[in-house]
Amino acid sequence: MAKDRSDHLFTLVKSLNRSEKRYFKLFVSHHEEMGAKYIRLFEMIEKQNKFDENTILQKETSFEPAQFSNLKAHLYKRLLQSLRQYELEKIEEIQIREMVDYVQLLFNRGLYQQSVDMLGKAHKKVRKTDNLELKLELLKWEKIILNKTVGASFQQRVHRIIEQVEDTNRKINLINKFTNLSVQLNAVYLKTGYIRNDAHYLEIKELFYHNMPEHKEEELSLYEKLNLYRLYVNYYYFTEEMESGYEYAKRWLKLFDKNPELRQSQMDEYLNAINQVMIAEYKLFHYADFMKTRKRLQALNQQTQKIVNENIRYRLLKYVFVHEFNRIFMLGKFNIGVSLLDRIGEDLGKFIARSDEHSRIILFYKIACLYFGNSQYSEALEWINRVQNDENVELREDIHSFTRILSLIAHYELGNMEVIDYYIRSAYRFLLKKGDLNLFQKYILRFLRKLASGFQEEDLIPEFKKLLEQLIPLQSIRYEKRAFIYFDIISWLESKIQHRTVQEVIQEKAKKQILG
């Protein structure tokens with residue numbers, strides 16, 4: 001097994017919970033002559049903090065180096081088999097796939113009526129999950145068996161199968177068009193971030209409406225609506241039409257409320273819908289609604305921790321933390337956020353290690369802003385540097401752009417005036433290269449360059465006021481106002497002018513907004 005495959009084995013072992021580990025040991029000991037060997041290797045890997053093949057071979061002389069690769073490969077396969085069996089009772093789709101295998105085995109033995117009976121049971125399960133791909137697989141086997149089970153209702157069966165295949169194919173094709181468009185939009189968003197200008201907006205609008213398939217929403221099936229609403233949410237969030245996106249996010253979540261049986265079979269999508277509703281409520285500052293949805297998320301986290309898979313557990317934990325930080329940002333209680341980070345401690349590193357690259361960049365930036373809001377500028381710079389040191393600057397270019405602005409302001413707060421000019425030139429080159437130099441950034445770079453040239457203390461307040469006067473109108477300009485999503489520089493300037501902390505200014509504004 002190659003090194004990366006060894007890493008796969010190691011991470012798979014580490015992902016198992018106590019119950020799954022116990023089940024695996026029982027599974028291999030009952031089904032394998034080499035069960036003891038697999039268990040021994042499993043336990044040795046489990047105890048390691050990092051996979052070390054040499055240490056294992058030195059400690060366990062019964063493992064032959066020449067056969068070790070095969071042993072690891074077989075252990076990996078047995079782990080997956082035991083997990084499949086462990087999850088069988090919980091996941092309808094796995095049960096249906098197993099039944100399809102039984103249909104094939106019975107058919108191969110010429111037991112056609114038993115195949116038909118098994119298909120009937122599988123169809124009942126498919127109706128509960130509405131998995132269209134599995135439904136199509138069952139219909140395929142119905143066609144194969146059809147001529148072997150000719151009876152009085154043969155013609156009716158033929159018409160029913162043909163109608164269902166055509167209907168299922170039509171739905172699958174429409175859903176594929178929705179999801180293909182979603183993937184296209186997401187690919188552009190992951191590169192550029194939010195809409196930059198009119199040309200960018202027209203490009204995305206053309207991509208969206210040119211590829212949107214014809215449909216009548218009121219005639220769509222449940223799964224077609226789920227995919228349509230997710231697509232609209234992605235589009236409107238991307239184009240920063242947050243109110244429209246929020247409406248579709250609520251429609252998306254309402255589908256799960258109207259069809260509660262979907263929550264278990266589509267837990268990943270259910271979580272995604274809750275998350276998207278909360279993102280809109282955070283960005284629109286609908287604090288009361290945000291808190292209601294937050295209760296739903298927290299209750300789900302407590303109710304399902306023991307019954308969901310590792311992926312869902314991680315997603316739940318991620319959304320609970322992310323939206324707790326968003327709540328802290330809304331209230332301006334950055335000190336509480338920093339305390340929360342301290343309490344998380346080592347678990348934060350594990351959380352980061354499990355996150356995808358996009359999530360990591362956003363998390364690093366949010367943590368940087370958290371420390372900045374708490375006037376801990378050195379700590380803010382540490383997290384800013386983690387964004388800037390990321391090799392993939394093609395991912396979320398907007399975040400990379402704004403970290404450079406935040407970095408400059410943090411250096412100013414720390415009094416590092418000797419490096420400001422260098423960092424301004426560096427930021428300017430980066431922003432020009434990315435085509436992302438807007439008025440917001442121009443005003444700030446010009447302001448910081450003035451400060452770096454040497455200002456007396458008594459001249460600072462007028463300069464802060466000038467910048468504030470320049471920036472306030474930008475809050476109502478479509479492609480400029482997005483800059484204030486990343487960092488509330490208005491509140492920072494007001495804090496400098498009023499000789500207060502930025503935390504105090506944001507908290508005061510938050511109270512006024514919440515109280516109406």
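Quick note: the coordinates plus some simple rules give every number you see, no bench work behind them. Here the structure is a predicted model, which means the values were calculated and not measured. In this analysis, Cβ positions are derived from the backbone assuming ideal geometry, glycine residues included, and neighbour counts consider all displayed protein chains.
Numbers below:
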read-out	value
Sorted by Cβ density within 10 Å, fewest first, the residues PHE178, PHE487	PHE487, PHE178
Counted charge near LYS318, where neighbours are those whose Cβ lies closer than 13 Å (Asp, Glu -1; Lys, Arg +1)	+1
Estimated dipole of the chain in Debye, rounded to 20 [Cβ of Lys and Arg +1, of Asp and Glu -1, Cα centre]	1080
Inter-part distance where the range 297-360 and the range 468-483 are each reduced to a Cα centre, Å	31
Net charge of neighbours whose Cβ lies under 12 Å from the Cβ of ILE94, counting Lys and Arg as +1 and Asp and Glu as -1	-2
Karplus 3J(HN,Hα) series, Hz, for the range 410-420 with 6.51 cos²θ - 1.76 cosθ + 1.60 (x for Gly, Pro)	5, 4, 4, 4, 7, x, 7, 5, 5, 9, 4
C-alpha long axis of helix 154-192 to longest principal axis of the chain, angle in °	20
Helix axis angle, 334-344 relative to the chain longest principal axis, alpha carbon, degrees	40
Helix 357-373 vs. the chain, principal-axis angle (Cα, 0 to 90°, nearest 10)	30
Which of TRP141, TRP252, TRP492 has the fewest Cβ neighbours within 10 Å, and the rest in rising order	TRP141, TRP492, TRP252
Contact order relative to length of the chain, as percent, for alpha carbon pairs under 8 angstrom and 6 or more apart	9
SER401, SER453 arranged by Cβ crowding within 10 Å, fewest neighbours leading	SER453, SER401
